[in-house]
Amino acid sequence: MIKIIESEDKNILLDERVALTHQYWKRYGLVPSNISLNGIKDRLINSSENFPPKKIWVAKEEEEVLGWLSISQEDKQTLELGRWEPVVKNIAQENVATGLLKKCVEYASNIQNILSCSYSCDKNSNKVFLRYYQNLFIRWGFKVTDEISFMVLDKWISGVNKNFSSDYKIVNINDIETSKISELSYNIFKNGKDRHMRLSKEKMDLEIEKKLSENVIADLSVAIKKNEEVVGFSIVKDRGFDYHIDLIGIKGQFQGLGLGTYLINLAVEKLSTKDRRITLGADKLNREAKKFYRKLGFAERHIIVTLERNTSLV
């Protein structure tokens, strides 16, 4: 008989969950399927420390762990499936994944929070599994909200580093009011091709505040000013397992002038000598952005699919 254990202890059955996750990613070709057992353990510990789980559910049959799922607080309105999709030993045991999801959905519904989750796939991922996985979430009322092409610096091809006129000045982003970065982001992305950034003004305020409060590399997260107007910015993060160019924004009439290239080069020049990969993301449908990043040496590795569910039970 399968029983589901609920816990707020981030270390509950840690080694068993690590082993199951390793087996799960390998079996279904999920990203990154080539990670070692210790690598998974390090990532799980890192995730638990940076995004503490509110709840962890573990499915067991006698002493065997068959699946697990964690949930963390993304923001005041949103819970995230712990940055770990439901991990199950065998997709044929659908009652395991269903039981875990039911607990998660009931918890989110009780506190009236939106549920968010994501998974990564590439050309090597098991297509039967991906269909199963997405159908499972669709049955529970989740809808795909965006698909991000995850890109990794393969070989840095330095773009043209334009010499700015005296009208341009680079300043630390922390020296700019957060509200100005938020307003600029809203105006840049509201009608853009990056679906995950088409946010209301209120949500953009929360998003930028959050981005600027988590693992920011201060000397590489900068804003560009022309005279006293902020016309562009970049946010670069140290996520422990990689360096991530989290967001770049250039005001419309200043695009195509080399400012975005300059911001990426600024980060890559300082980080390329380190022992970690440099990453960024672009909407799967944003061909112009992906073409731009490829010119600078970034290569697409996989797609990150994000789904959301409202608070009403199916």
(request) Collect the residues in segment 14-31 that are part of a loop (DSSP other than H, G, I, E, B) and under 19 Å from SER70 (Cα atoms), keeping them in residue-number order. (result) LEU30, VAL31
(message) Please go through segment 76-100 and give me each residue that is touching a Phe, Trp or Tyr at 6+ places or on another chain (Cβ under 9 Å), more than 20 Å from GLY29 (Cβ to Cβ) and at pLDDT 85 or above, ordered by number.
(response) LEU79, GLU80, THR98, GLY99, LEU100
(message) Any residue that is polar (S, T, N, Q), surrounded by fewer than 18 Cβ atoms within 10 Å (Cβ to Cβ) and modelled with pLDDT of 85 or more - is there at least one of those in segment 47-55?
(response) no
(request) Can you tell me which residue among LEU115, LEU100, LEU44, LEU66 is outside any strand (DSSP E or B), in contact (Cβ under 8 Å) with a residue 40 or more places away in the chain and either touching a helix residue (DSSP H, G or I) at 6+ places or on another chain (Cβ under 7 Å) or surrounded by fewer than 22 Cβ atoms within 10 Å (Cβ to Cβ) (or both)? (result) LEU44
(message) For the condition over 24 Å from SER48 (Cβ atoms) and among the β-branched types (Val, Ile, Thr), what is the one hit in ILE304, ILE245?
(response) ILE245
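Let's see how each residue does on (1) assigned to a loop (DSSP other than H, G, I, E, B); (2) without any contact (Cβ under 8 Å) to a residue 60 or more places away in the chain:
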position	(1), (2)
SER109	no, no
SER120	no, no
PHE129	no, no
GLN134	no, no
PHE137	no, no
VAL152	no, no
TRP156	yes, no
SER166	yes, yes
LEU184	no, no
(message) Looking for something free of Cβ contacts under 8 Å to residues at least 24 places away in the same chain, within 24 Å of THR98 (Cα to Cα) and not β-branched (Val, Ile, Thr) - is there at least one such residue anywhere in segment 51-62?
(response) yes
(message) Quick check on ARG276: is it touching a strand residue (DSSP E or B) at 6+ places or on another chain (Cβ under 7 Å) and either assigned by TED's automatic domain parsing to the domain that holds SER47 or in a loop (DSSP other than H, G, I, E, B) (or both)?
(response) yes
(request) Determine which member of the set ARG198, ARG276 is free of Cβ contacts under 8 Å to residues at least 40 places away in the same chain and surrounded by fewer than 16 Cβ atoms within 10 Å (Cβ to Cβ). (result) ARG276
(message) Tell me the residue from ASN174, ASN191 that is over 23 Å from LYS76 (Cβ atoms) and not in a loop (DSSP other than H, G, I, E, B), please.
(response) ASN174
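The values are calculated or read from the model by the stated rules, or taken from the named source; none is laboratory data. Just so you know, these numbers come straight off a predicted model, no measurement behind them. Neighbour counts run over all protein chains shown; Cβ positions are idealised from the backbone, glycine included.
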